[in-house]
Amino acid sequence: MSHHTPHLFSSYQLGAIELPNRLVMAPMTRSRATNPENAATDSVVTYYVQRATAGLIITEGTQVSKQGVGYINTPGIYSDAQVAAWRKVTDAVHAAGGRIFAQLWHVGRVSHPYFHNGELPVAPSAIKPEGVKAFTGAGFEEVPTPRALELSEIPGVVEQFRLGARNAKAAGFDGVEIHGANGYLLDQFLQDGANQRTDEYGGSVENRSRFVLEVVQAVVEELGADRVGLRIAPQGGASIQDSNPTATFSYLAEQLNRFGLAYLHVLEPLPGHPMARAEGKPAIAPALRRIFQNTFILNGGYTQETAEAALANNEADLIAFGVPFIANPDLVARFEQSAALNQPDFATFYVPGDKGYIDYPSLHEATQPEKAAEYQSN
């Protein structure tokens, strides 16, 4: 590592792998697994290959089981067909010189009986997430009050993540990110607004962290700690909250140091972002940065300028970009050349088809001005 001030284009050793730059492509649901197997399609291969110049790609959330599904057309990593489909993605990304982690996902209560043969989705406690809808085959539907997992069922859910990690290795991924953010299952166990259990998985912060740490342990046993990251969102929004998020997430960050994980990925959007914390609430990421001993990734509304400032101020080691990577497959080159960015077409983020998915122009396609103009006008 150089002793010069780090910047977006300096290389970085992330656990077991070397990154050519510090731009991470954030995990983003795109709802393009449109076959009956919920497996990655040829268009998914193209999408990730187009973005292979990112220092690291983290895939969209990938369900570790049927129980973990909450949205239509999202990919899984629990069947042979899904693993084979992801293998095409990883082979192609590696051939293009990229590095790619799978994000392991279980939505918990953010689901609907549509996905579970009429059965209720599961959660730590039978608490309905307010104002949350699931995207089913019938469109957006109200999420019901979930069923609380029995104590005897929890080890089986941990094993779903273990299988996801094992399958990610079989599919050729360089590592995995465990999805502990955005009000999904791990987050539901962590935050006391969603977890009112009275057994060893509820109550104290130690107990509420137990499930997350058991999942981390299982995944690390499969892949090695230097190929495992965890994503969290300490101030993640209306559907989930904690009475003392600084204490809860600080305890978790401390406990994670036992494992020697590749990274901690913190989603804490900058002020002005639609998901930014309420005004007057202090940022939690700086405290976590001080506690967590390995690579620290920040995500949430960063521009090239704010990302460079965060790196220069040692607020993070890597910066993850979401929407900019959707609209700009060659985001790294555009930043390097101070080139204009394509504007995102929000209407196509979650709908099937290649429009707004793999047809955003790269700089070398500047010979197609009408295509660039179409996105600039959206």
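The values are calculated or read from the model by the stated rules, or taken from the named source; none is laboratory data. Quick caveat: nothing in here was measured; it's all calculated off a predicted structure. Every residue, glycine among them, receives a Cβ derived from its backbone with ideal geometry; neighbour counts consider all protein chains shown. Ligands, DNA and RNA are stripped out before the accessible areas are found, and what is left, the full protein with its side chains, is counted by its heavy atoms. Shrake-Rupley method; radii C 1.70, N 1.55, O 1.52, S 1.80 Å.
Below is a table of values for the structure above.
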quantity	calculated
For E279: the one exception among (1) in contact with a Gly (Cβ under 6 Å, 6 or more places away or on another chain); (2) of a type in the set (D, E); (3) surrounded by fewer than 18 Cβ atoms within 10 Å (Cβ to Cβ)	(1)
Odd one out for A134, checked against (1) loosely packed, with under 15 Cβ neighbours inside 10 Å; (2) in contact with a His (Cβ under 6 Å, 6 or more places away or on another chain)	(1)
Hits in the stretch 12-38 - residues which are of a type in the set (A, V, I, L, M), assigned to a loop (DSSP other than H, G, I, E, B) and closer than 26 Å to G224 by Cα	A16, A26, M28
Candidate set from the stretch 223-239 (those that are free of Cβ contacts under 8 Å to residues at least 60 places away in the same chain and more than 15 Å from F161 (Cβ to Cβ)); member that is surrounded by the fewest Cβ atoms within 10 Å (Cβ to Cβ)	G237
Condition met for E60 (open to solvent by 10 Å² or more (accessible area, probe 1.4 Å) and of a type in the set (D, E, K, R))	no
Selection status of N182, surrounded by 16 or more Cβ atoms within 10 Å (Cβ to Cβ), on the phi > 0 side of the Ramachandran plot and either among the hydrophobic types (A, V, I, L, M, F, W, C) or not in a strand (DSSP E or B) (or both)	yes
Conditions (1) within 17 Å of F101 (Cβ to Cβ); (2) open to solvent by 50 Å² or more (accessible area, probe 1.4 Å); (3) touching a helix residue (DSSP H, G or I) at 6+ places or on another chain (Cβ under 8 Å); number of the one not met by N294	(3)
The one condition in (1) open to solvent by less than 10 Å² (accessible area, probe 1.4 Å); (2) assigned to a loop (DSSP other than H, G, I, E, B) that F9 fails to fulfil	(1)
Verdict on G193 being open to solvent by less than 50 Å² (accessible area, probe 1.4 Å) and farther than 27 Å from M28 by Cβ	no
